[in-house]
Amino acid sequence: MNKQHQLLQIAAITPVSPWVSCFRLIRADGAKPAAFFAGQYLNLFYSIDGARTCRPYSIASSPKEALESGWYEVYIHGGGSFTSAWLFRNAFVGMQIESSMPEGEFCLDPAGGLKRVIGISGGMSITPLRAMARAVADGTLDLDLTLFCGWDSREDVLFYEEFRQLADACPRFRAVYF
């Protein structure tokens with residue numbers, strides 16, 4: 001496990017549904033975000049009523065777009081765990097948050113030699129797969145990716161229009177919703 005940390009700052013919070021918001025995180029020191037593989041996550045460390053806590057959040061940006069734009073995107077569900085609900089309700093633009101460096105083994109290495117990948121998600125587990133889909137579309141990953149995405153209700157669905165547009169523009173990507 002990587003024990004190094006970085007200080008991030010919330011650059012934007014964009015609601016995408018009643019219970020989910022996209023958080024754009026930049027390095028507080030102005031440096032480029034640390035490199036990562038599509039599918040990795042950040043542990044965010046923050047205090048709730050004086051108690052230090054942490055929670056992992058998948059990086060939903062592709063590695064290429066994160067380095068080019070200067071930010072990570074993570075999606076936080078306000079009805080999730082206690083720590084996520086607190087962050088969803090209390091975070092603000094400009095707030096600084098300590099973070100791990102990108103980590104995790106649920107990722108696709110561009111040099112891994114895979115040619116076809118099938119991903120299956122239910123609910124918020126779609127976020128690391130979004131990073132993979134965007135990496136296929138921007139050429140970071142040279143493989144065919146098919147995603148099967150399940151949701152409890154139409155109101156909860158994330159990335160439907162985005163994935164439809166990615167599939168139209170990139171024949172190596174497909175998404176099936178149910």
**Fill in**
The lysines whose Cα lies under 20 Å from the Cα of K64, excluding any fewer than 8 residues away in the same chain, are K32, K115
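Per residue, how many Å² of accessible area does the stretch 25-172 show with a 1.4 Å probe?
Working: 7170 Å² over 148 residues.
Per residue, the stretch 25-172 has 48 Å² of solvent-accessible surface.
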**Carbon and sulfur %, accessible surface of the chain computed with the full protein complex present, 1.4 Å** = 55 percent
**Asked** Using only helices, what value at 222 nm comes out for the chain when you add -39,500 (n - 2.57) per DSSP H run of length 4 or more and divide by the total residues, to the nearest 500 deg cm²/dmol?
**Response** -6000 deg cm²/dmol
**Asked** Distance from the Cα centre of the stretch 95-137 to that of the stretch 1-60, in angstrom?
**Response** 15 Å
**Prompt:** Percent relative contact order of the chain, based on C-alpha pairs within less than 8 angstrom and at least six residues apart?
**Reply:** 24 percent
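The values are calculated or read from the model by the stated rules, or taken from the named source; none is laboratory data. The shown structure was predicted, so the numbers you read here are calculated from the model rather than taken from an experiment. Note: areas computed on protein heavy atoms with side chains; ligands, DNA, RNA excluded. Shrake-Rupley method; radii C 1.70, N 1.55, O 1.52, S 1.80 Å.
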